[in-house]
Amino acid sequence: MSSSVKLTSTVGVSKDDLCYGAFRQWLKPIQVRATVQPDLSTAPKEVGNASGFIIRREAIRLTFHRSMEPPHEETMDLALTLFDRYGRLKREIIHHAIRKGTAVWKEEVDSGNIVLINNINVDKEWRRQGVGRKLLLQLLQQAMASRYNPKFAFALPEVSYDRTEEKVQQGQTKEQTRAMDQSKKAAVTSFFRSMQFRRVGVTEWFALAQDEKHPSRQLLYTEDLDPVLDDSSDTDSDNEPEVILCGLSMNDGGTNPKPTQNRLSKKDAASQGLEALFNNKCATPDEARHTPTAILKRRHPLHYAIKILKDKDGLGFLQSHTRNGSAASFDMEAVNGHGNTVLHVAAKASKSACLNWIMDSSSGVKLASVRNHEGYTPLEALKAQLECKRISEAYGASRMKCIADKFDGFDNDSIACLMKLTRIEAPTAEQRDMAKFGCSCGQCVSGFLSPRMINKLRAEAEVLSNSLTYLGSTEDGKSWHLLFKDVLVHLPDRLQQQFRRNKILRNIFTELLSTVAQLLAEKVVPRRATVVDCLRETPVGSQIDMHYFQKGGTVAAAVNIVIDNAKESDIEAKKLLFETADNELI
């Protein structure tokens, strides 16, 4: 039967396409259809289809996460799971002792265009006849033959059910449904491996290298590693259920309604009197109230108590159920269905009181080194979770939005947990700043200004300062303004024009940039107060208020032109460290 299958394909969409037209400069959809026509008297019948995307990574390199979020759920998942904000493979997949898996994927994945396999569907009666293989091969051939020449293809094996299978599921127990899911997932995974796809690290994603000499192409089917499976019967390890509340938000004038979607957990619903949003038929009243009686019925009471109780109450539960001689004492070193210890749970929940107590216990040192099924120690699990919070936020039913550019630091409990897990008992202000802003190198000034960034900014500030000092010494204000007008772009228009005729103003701005360069050379963040204090000691110190600040000039204007110039020559620096409006912060 499969010999009569005909394949047709299309690549790209028009600019008017409602789904992908807005992204056509970098996203090229591919559609492949499999049809059969038993005889000329009947119309062709579709028996399968496949879809995917060619992603021109270089076209969105500077905004990779933000660009990959809107088009599709899987473009978003691919970007956030495997790549950093510049489209490079996450370094933990390359270097982490466990997370790297077979270690066949390295820096070569950082460059070039890529293909995302979105889905492959084959009618039930046509399965196991090579139709799926033909669809995938056709899609890959179309992508690889395009002028974009992608180097790697990525796929996320997912389980799908037809209507008949969905009806069967309705009469199954949870255990039967899980077993069916696992069986179908294994079949889909096996299919991609048979097509030379290999797992990326220990993630759910698989990749195929175009280069036949790539290490992944030399890895045997049986050598490809699978992550440790979670115990799906351990419902204590599951996340709290959520519902999506849909509504409308208005602007201050009560006009321009905008649809909104907010996630609401079961616990939050209870606090707002919205318990009816959840189906609690299987829950006892004690469970709904999270009482000690209900917690003790759980498979892992200590884990569950830390997760669902307030930090202080969770600590009390720990203390009263782990002491020697207690009538209901539990094993502190037990792991749950995800391989998490109580220290993992406390860390990921940022429960600092519980975490401190566990770390100070006799089991603390041992628990701190235990790895869960993801390969993370408690410290690594916390850092990974905080990094996810730093760059993305859940919204709607299954989407994420990028928030990295609006990140203003982690909360105090998360910082306290980081300090304890890194065994810093009395952190300095700088150590706290590093933890607050997610510094991973231990050298960031004020926790966020990395050595690479500060060196780049210093170099650009010195170039600007030297240019203004030596090339801008002309007495002709019009010539000066013509030469350096691009340096003034962050100043008010009316102030920019005054540089033509006010030499004092030109001298002040030159000294301002020189001061910024000096502070950066000393590894000091050029905040407004610090810069102004230094300016007071210069020859223009008595003139800056009257001739510059009172006329709308700011320290931010000088700092941001330095950042602008740094962005032009440094791909990793293309993100404002300071918003122009945040003058007081700077």
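Here, each number is a calculation from the coordinates, and none is a lab measurement. In this text the structure is predicted, and so the values were computed from the model without any measurement. Cβ atoms come from the backbone with ideal geometry, glycine included; neighbour counts cover every protein chain shown.
Overview of values
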quantity: Span from the region 65-91 Cα centroid across to the region 317-377 one, whole angstrom; calculated: 33
quantity: Computed FRET value (nearest 0.05) for Lys174 with Glu108, which takes r as the C-beta separation and R₀ as 41 Å; calculated: 0.45
quantity: Residue pairs, from the table Lys100/Lys567; Lys100/Lys174; Lys90/Lys567, whose Cα atoms sit over 24 Å apart; calculated: Lys100/Lys567; Lys100/Lys174
quantity: Loop-located trypsin sites (Lys or Arg not before Pro) in region 383-473, at most 11 other Cβ atoms within 10 Å (DSSP); calculated: Arg423
quantity: Residues Phe407 and Gln550, FRET efficiency given R0 of 25 Å [Cβ-Cβ distance, rounded to 0.05]; calculated: 0.15
quantity: Contact order relative to length of region 113-237, as percent, for alpha carbon pairs under 8 angstrom and 6 or more apart; calculated: 25
quantity: Stokes-Einstein translational diffusion, region 423-538 - Kirkwood Rh over all Cα pairs, 1.306 mPa s, 10 °C, in µm²/s; calculated: 99
quantity: Over 19 Å (Cα to Cα) - which of Lys348/Lys436; Lys15/Lys406; Lys348/Lys389; Lys307/Lys436; Lys184/Lys401 fall in this group; calculated: Lys15/Lys406; Lys307/Lys436; Lys184/Lys401
quantity: Relative contact order (%) - criterion: Cα under 8 Å, at least six apart; region: region 451-573; calculated: 37
quantity: Sequence-separation-based contact order of region 286-407, relative, with Cα cut under 8 Å and 6+ spacing, percent; calculated: 17
quantity: Ratio of the Cα radius of gyration of region 1-75 to 2.2 N^0.38 Å, where N counts its residues; calculated: 1.45
quantity: Kirkwood-Stokes translational diffusion coefficient of region 86-223, alpha-carbon pairs, 20 °C, 1.002 mPa s, µm²/s; calculated: 129
quantity: Residue-span extension gain [Lys523 to Thr538] - 0.36 nm each, minus C-alpha spacing; calculated: 3.4 nm
quantity: Potential extension, Lys478-Arg390 segment - 0.36 nm per residue separation minus Cα distance; calculated: 27.0 nm
quantity: Separation of the Thr10 and Lys124 label points, Cα + 7 Å toward Cβ, nm; calculated: 2.9
quantity: Net length gained if the chain between Asn149 and Tyr221 were fully extended (0.36 nm per residue, minus Cα distance); calculated: 23.3 nm
quantity: Calculated FRET value between Lys297 and Gln319, using beta carbons and R₀ = 22 Å, to 0.05; calculated: 0.65
quantity: Kirkwood Rh (inverse of mean 1/r, distinct Cα pairs), region 286-407, angstrom; calculated: 15.4
quantity: Inter-label distance for Thr164 and Leu137, nm, one decimal - labels placed 7 Å from Cα along Cα-to-Cβ; calculated: 2.7
quantity: Total charge dipole magnitude, region 403-513, about the Cα centre, Cβ charges on Lys, Arg, Asp, Glu only, Debye to nearest 20; calculated: 300
quantity: Summed side-chain charge close to Val5 - residues other than Val5 whose Cβ falls under 12 Å, Lys, Arg +1, Asp, Glu -1; calculated: +3
